[in-house]
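Everything on this sheet refers to the single structure shown next.
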Amino acid sequence: QVQLVESGGGLVQPGGSLRLSCAASGDIFGFITVAWYRQPPGKLRELVADLTSGSPAHYVDFAQGRFTISRDNAKNTIYLQMNSLKPEDTAVYYCNAKKWTGFDTGYLEVWGQGTLVTVSS
């Protein structure tokens with residue numbers, strides 16, 4: 001089964017940028033939807049952005065205009081470019097990939113272990 005491993009998190013000052021990467025251990029071509037979620041301290045996990053094959057990327061309000069999700073199937077990697085970071089963006093960021101496996105088994109969903117992003121001066 002495909003495993004996802006995030007990297008690129010760390011400490012950044014407000015207004016700075018980070019690019020998160022999510023490397024898959026296998027072929028992600030068949031995963032129709034990839035996404036990034038985050039979990040701020042003391043809060044529930046929330047969607048940041050998702051990208052479904054053949055459709056434009058979708059961003060939640062706080063990510064619109066600042067974050068960009070992308071995927072490179074040749075490198076089996078998912079990315080999240082984050083610009084103009086704010087302290088409220090501090091969270092553990094998780095990548096997610098989902099594919100349809102059939103009417104009997106439904107969707108297969110895979111999660112990474114998360115990478116911590118801290119935005120602070």
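Some observations on this one:
- Heavy atoms of E109 accessible to a 1.4 Å probe, total area in Å² rounded to 10: 80
- Fully extending the segment from Q39 to E88 would add 16.5 nm, taking 0.36 nm per residue of separation and subtracting the current Cα-Cα distance.
- Residues whose amide H lies under 5 Å from that of R45, counting only those 5 or more places away or on a different chain, are absent; hydrogens are built 1.01 Å from N in the peptide plane.
- Relative counts (whole %) of C-alpha pair distances in region 1-52, using bins that are 10 Å wide: 18, 47, 29, 6
- Scattering profile of region 43-99 at q = 0.12, 0.13, 0.16 Å⁻¹ [log10 I(q)/I(0), Debye over alpha-carbon scatterers]: -0.30, -0.35, -0.53
- When the alpha carbon gyration tensor of the chain is reduced to an equivalent ellipsoid, its three semi-axes come out at 25, 14, 14 angstrom, largest first.
- Accessible surface of W111, taken over heavy atoms with a 1.4 Å probe and every protein chain present, rounds to 90 Å².
- Rounded to the nearest 0.05, the FRET efficiency derived from the C-beta distance between V60 and Q113 at R0 = 25 Å is 0.70.
- Surrounding net charge for L80, when Lys and Arg each add one and Asp and Glu each subtract one, Cβ distance under 10 Å: +1
- Once backbone amide H atoms are built at 1.01 Å from N, L85 has G15, G16 as its partners under 5 Å, excluding neighbours fewer than 5 places away on the same chain.
The values are calculated or read from the model by the stated rules, or taken from the named source; none is laboratory data. Because the structure is predicted, anything quoted here is derived from the model rather than measured. No Cβ is skipped: glycine too gets one built from the backbone with ideal geometry, and neighbour counts run over all protein chains shown. What goes into the accessible areas is simple: the full protein's heavy atoms, side chains included, and nothing from ligands, DNA or RNA. Shrake-Rupley method; radii C 1.70, N 1.55, O 1.52, S 1.80 Å.
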